[in-house]
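Encoded as structure tokens, the structure appears first; notes follow it.
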Amino acid sequence: MGRLTYFVASTVDGYIAGPEGQHDFFPFEGDHMKALFEEFPETLPVHVRKQLGLPAVQKHFDTVIMGRRTYEPALSLGIEDPYAPLRTFVFSRSLPPRVNGALQITPDDPLGTVRALKRESEARIWLCGGASLASQLAAEIDEVIVKLNPRLAGAGVRLLDGKFNPQNLALRTHRVFNSGVLFLSYDVLK
Ligand SMILES: NC(=O)c1ccc[n+]([C@@H]2O[C@H](COP(=O)([O-])OP(=O)(O)OC[C@H]3O[C@@H](n4cnc5c(N)ncnc54)[C@H](OP(=O)(O)O)[C@@H]3O)[C@@H](O)[C@H]2O)c1
């Protein structure tokens, strides 16, 4: 069975971006960044990895899925496949469907796609976001890794914005960085 991990950066009040998609208020310096670079290099976009001289090593994930609004900033920079070489699914009904190597832009049902991926393979799937896509996939999330930032946003894009559906989590690991960032890993109890 494959595994779906919502790996996401959040403020303490549960926002993953500002109301206009802002993310520059998250701390991008400090000891948590070193851990991110070393342990989750595949979660950095290719142009950032290139700037930092980081190899395209897949430590946790072989597949990434995202909604169109999460994909849009890379596309606007002319970067079509931001997380290559990960197999990438971008869900959108407005972009033209497209398959280019390991990249797929698709209007298909995200839930059906993820269930098939999990059933048919040992895929280690990174649910990149955003809130709209993650909410639709909430029932299929096996693991949540939150990079909890010492910030309050007050408003913006929530970690999930679906319907009320409490789920229990079991804390697996926690790491506290001098920067004030925490990495929290939870298993979703089914
Ligand atoms: N902090 C973090 O770690 C993190 C991670 C990821 C994202 N983010 C932020 O989250 C924000 C985006 O989140 P969001 O909730 O606004 O949007 P989103 O989930 O990224 O994308 C929503 C879009 O995905 C497509 N989509 C959703 N459900 C679909 C379905 N069932 N079938 C086909 N396509 C579907 C639609 O695209 P169309 O309109 O094209 O049909 C929809 O408008 C951005 O600001 C991003 O920076 C933050």
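The values are calculated or read from the model by the stated rules, or taken from the named source; none is laboratory data. Here the structure is a predicted model, which is why all the values come from computation and not from measurement. For neighbour counting, all protein chains shown are included, and Cβ atoms are generated from backbone atoms with ideal geometry for every residue, glycine included. Each accessible area value is taken on the protein alone, full model and side chains, heavy atoms only, with ligands, DNA and RNA left out. Shrake-Rupley method; radii C 1.70, N 1.55, O 1.52, S 1.80 Å.
The ellipsoid equivalent to the alpha-carbon distribution of segment 33-74 has semi-axes of 19, 13, 9 angstrom, derived from the gyration tensor eigenvalues as √(5λ) and listed largest first. In segment 62-165, Cα pairs under 8 Å separated by at least six residues give a relative contact order of 29 percent. Residues in the chain average 53 Å² of solvent-accessible surface per residue, probe 1.4 Å, ligands and nucleic acids excluded. Sequence neighbours fewer than 8 away in the same chain don't count; with that in mind, list the lysines whose C-alpha is under 24 Å from residue 50. Partners within reach: 34, 59, 147.
Couplings 3J(HN,Hα) of segment 96-112, computed from phi: x, x, 7, 10, 9, x, 8, 9, 10, 9, 9, x, 4, 5, x, 5, x Hz, in residue order, whole Hz [Karplus 6.51 cos²θ - 1.76 cosθ + 1.60, θ = phi - 60°; x for Gly and Pro]. For residue 121, the shell of other residues with beta-carbons less than 13 Å away shows a net charge of +3, using +1 for Lys and Arg and -1 for Asp and Glu. Short-range pairs are left out: with C-alpha atoms under 8 Å and at least six residues apart, the relative contact order of the chain is 34 percent. Rounded, prolate or oblate, given the Cα gyration tensor of the chain, with a/c below 1.5 counting as rounded? Taking the square roots of the gyration eigenvalues as a ≥ b ≥ c, the chain is rounded. Under 5 Å between amide H atoms, partner at least 5 residues away or on a different chain: which partners does residue 169 have, H built in plane at 1.01 Å? For residue 169, whose amide H was placed from the backbone, the distant partners under 5 Å are 189.
Once the mean of 1/r is taken over each pair of separate Cα atoms and inverted, segment 1-102 shows a Kirkwood hydrodynamic radius of 15.1 Å. Exposed loop sites here are GluC sites (Glu not before Pro) assigned a DSSP state other than H, G, I, E or B and surrounded by at most 10 other beta carbons within 10 Å; excluding them, the longest clear run of the chain is 30-121.
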